[in-house]
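Participant: Shown below is the structure under consideration.
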């Protein structure tokens, strides 16, 4: 498929091994890491997937970590110049949990502080879509998706606030999961919108995503929003079909680009043939998810960013990117006493409305299916207005606002489908995604 | 004249409000971690429940109405001692109380900031995240003296309740009729009185000259006793409060805390026993001490017990620089000791010795009965080894007798009554007198 064409481009053979083969052994991982580092050396100058590379030798499954997640002793810039020399003094909980089996190959680029949907706006260079280098890779966890698609790494930890794991997965042809809010600890993840931020696994296939997820879940005293869950191996029973026993809801009234709409219709037909019971509902009030999110995020982000005043951390605020500054200023404005009722309270209310609407839908269905992105990746030179870019979150946003798990799987070149599941039902969600995976 | 107070009380916890760093004194920036230094990505741990329990005791003892759910808010402002540039502070958990005739507006808990030294340009974050409660009164006080008395009583109440670390930081506001002036960060109760007295003088002078008193925040300089303008308040500060998304609300309805008998009631009971105000104050420094007193005075005269606690027990505690809440002693042991002493089975000196052994957790040394001959021998030893003091005594400095008695008692392990030593010592000293 299209991943093969990426590989053809990099002239690396046999590098895109399935996650299952890698996990089940038989591959010399030390040699593989050396090989992957050579690919990084060759491609990174053009694609800007990585910000830092692990110089220490090591063995294990190669894991890329988004640069807004702390890895002790490595730089954690959050892709922003304000933290260009900041070295994390501690491990994020997810990193600590992955250390035994995985080798952290490097820290990947993204939109600064996760503030972006294009994935191309890192302060350290333009990250490009490897399938079509003139296009955006999708964001914000763009570096991970690019690295996976080109074989620079085999597994990745991204972060997803409103689509940041799923959007780049869809645009670059890999798999990304946003877990239920509270399933995976956020300790060590730099803030964007704390009430929605999650850490999510990315890989080239559903098996790979299920594999990483098995390591990173669980209650963490260092993150009060985590929930006690029983540890489970999400790869177990992954191949058992589930779609024929499932109800899947799709939306009327979602505006999609023609190519995306076509891919979506074919996919609905395909899962219907696999035996799924398709149900259609109006998108209706769920459309408020996007404006609601941006108001909430501006507010929480402006609070979180207060610490970067040039005293304790990093550089002066002047070096922050335009989008980051825009969000801080808007957030500061709408949390002022005189505007709070008009904007911030409105957003909190909007969140309740969307949650209620989705909970009604989820009571009657097993999954929701949408395209991951309503559009194809846009051209790097197309300057989208902030609102146009924000609107590209229309499909990835609503599950995030309601704390639901959602996965993106590739179906066509630069197009992914999103499957949304019930809270803490990642196992069923992964099974359904596995069955849909080609 | 209207005076209001905002009293910050340090809570008595082992660890900080949102992380497990200790709250003890230490070298600068040693009791710190990613959470209390605001490292990017670090999240607060769950609210320290020991701090919450102490806070609830305070709210209840101030006769407040307790609320059910408490939200942690972020209060945003920029200051170098505040790593996140926001302070976590709870929504009020107790409202509408009353203490000493002063209305309590609300009580909430919060985390402290670090220490910033603008002259040395250093920041010490050991204090960052240390748990506090803030008690906000209505502007019901009419004089600096009344404010001081309120604070002294409050300190006494907290001591009685065994909560807090006895350390205060106070902000006060005062209005002589027109604009309200706020004085920030006063570190002692006496400082509050001085600052308010200075402010009254300053504002009266302005008003007498028909000048306007500006609405402003002032800083109190402890060394000069004066207040200086910090910032003028053209508009009310906007802290952009939002609920902290990293912390779920705390449900305080289900938390049970132990509250001893109300202090006022206990004081009345003690006065009813004929005790003086001073004694009453000593006996209520700690509710466990009060309970000890009542249990002892069931079998012994209250005045005798009160005297012993005030002089002997408190003296020994004071000598060790500790308070009653720091020691674990058995009430039965003390009851036995006091009964024995009261009934003349042991001397006052021996009782003292036994008490010391209890406080220091030492095995009790076997009591010896000492002959007169032995006492005289020790007295001679003391005289021999202190020729200077003896000489001075003989020249008329009679107060040195106490010193020599003390030395003798020490060498005899306090097993003899001082009275007996005095008689024998005087006798001995006579023989040294020059003809």
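We did not get these values from a lab; they are worked out from the coordinates using the rules stated. If you're wondering where the values come from, they're calculated on a predicted model, not measured in any experiment. Cβ placement follows ideal geometry from the backbone for every residue including glycine, while neighbour counts extend to all protein chains displayed.
Participant: Taking chain B as the reference, fit the longest principal axis to its C-alpha atoms, fit the long axis of helix B:331-342 to the helix C-alpha atoms, and give the angle between the two in degrees, 0 to 90, nearest 10.
Facilitator: For helix B:331-342, the angle is close to 40 degrees.
Participant: Determine the calculated [θ] at 222 nm for chain A from helices alone, applying -39500 (n - 2.57) to every DSSP H run no shorter than 4 residues and normalising by the residue count; nearest 500 deg cm²/dmol.
Facilitator: Estimated from H runs of four or more residues: -11000 deg cm²/dmol.
Participant: Averaged over peptide A:187-193, how many Cβ atoms belonging to another chain are found within 10 Å of each residue's Cβ?
Facilitator: 4
Participant: What order do you get for A:370, A:229, B:47, B:13 when you list them from fewest to most C-beta neighbours inside 10 Å? Numbers along the way, then the final one.
Facilitator: Values: A:370 25, A:229 15, B:47 22, B:13 19.
Lowest to highest Cβ neighbour count: A:229, B:13, B:47, A:370.
Participant: Follow-up question, since we're still on this one. Work out the mean other chain Cβ neighbour count within 10 Å for the residues of A:309-318 and drop it here as an integer.
Facilitator: Values: counts 6, 0, 9, 11, 5, 1, 0, 0, 0, 0.
Going residue by residue through A:309-318 and averaging, the value is 3.
Participant: What is the calculated FRET efficiency for residue A:42 to residue A:75, with r their C-beta to C-beta distance and R₀ = 35 Å, to the nearest 0.05? Before the final figure, lay out each step's value.
Facilitator: Numbers: r = 22 Å, r/R0 = 0.63.
In this case the efficiency is close to 0.95.
Participant: Quote the relative contact order of the range B:263-359 in percent (integer), defining contacts as alpha-carbon pairs under 8 Å separated by 6+ residues.
Facilitator: Rounded, it is 22 percent for the range B:263-359.
Participant: Any chance you could give the angle, 0 to 90 degrees and rounded to 10, that helix B:418-430 forms with the longest Cα principal axis of chain B?
Facilitator: 60
Participant: On to the next question. Which distance in Å, rounded to a whole number, links the C-alpha centroids of the range A:327-342 and the range B:336-352?
Facilitator: Answer, in whole Å: 72.
Participant: Answer rounded, prolate or oblate for chain A, using the Cα gyration tensor with square roots of eigenvalues a ≥ b ≥ c: rounded when a/c is under 1.5, else prolate when a/b is larger than b/c, else oblate.
Facilitator: rounded
Participant: Does anyone have the angle between helix B:372-385 and the longest principal axis of chain B? Alpha-carbon axes, 0 to 90°, nearest 10?
Facilitator: The answer is roughly 70 degrees.
Participant: Still on this structure: Between residue B:145 and residue A:342, what is the label-point separation in nm under the 7 Å Cα-to-beta-carbon projection?
Facilitator: Between residue A:342 and residue B:145, the simple spin-label model gives 5.3 nm.
Participant: May I pose another question? Just check the range B:233-274 against the gyration tensor rule for me: Cα atoms, a ≥ b ≥ c as the square roots of the eigenvalues, rounded for a/c under 1.5, and otherwise prolate or oblate depending on whether a/b exceeds b/c.
Facilitator: Oblate shape, in that a/c is at least 1.5 and b/c is the bigger or equal ratio.
Participant: Quote to one decimal, in nm, the extra length available between residue A:59 and residue A:231 on full extension: 0.36 nm per residue of separation minus the C-alpha distance between them.
Facilitator: 59.4 nm
Participant: Here's a follow-up. Rounded, prolate or oblate for the range B:263-359? Axes are the square roots of the Cα gyration tensor eigenvalues, ordered a ≥ b ≥ c, and the cut-off for rounded is a/c under 1.5. Mind showing how you got there, number by number?
Facilitator: Details: a/c = 1.84, a/b = 1.28, b/c = 1.44.
The shape class here is oblate.
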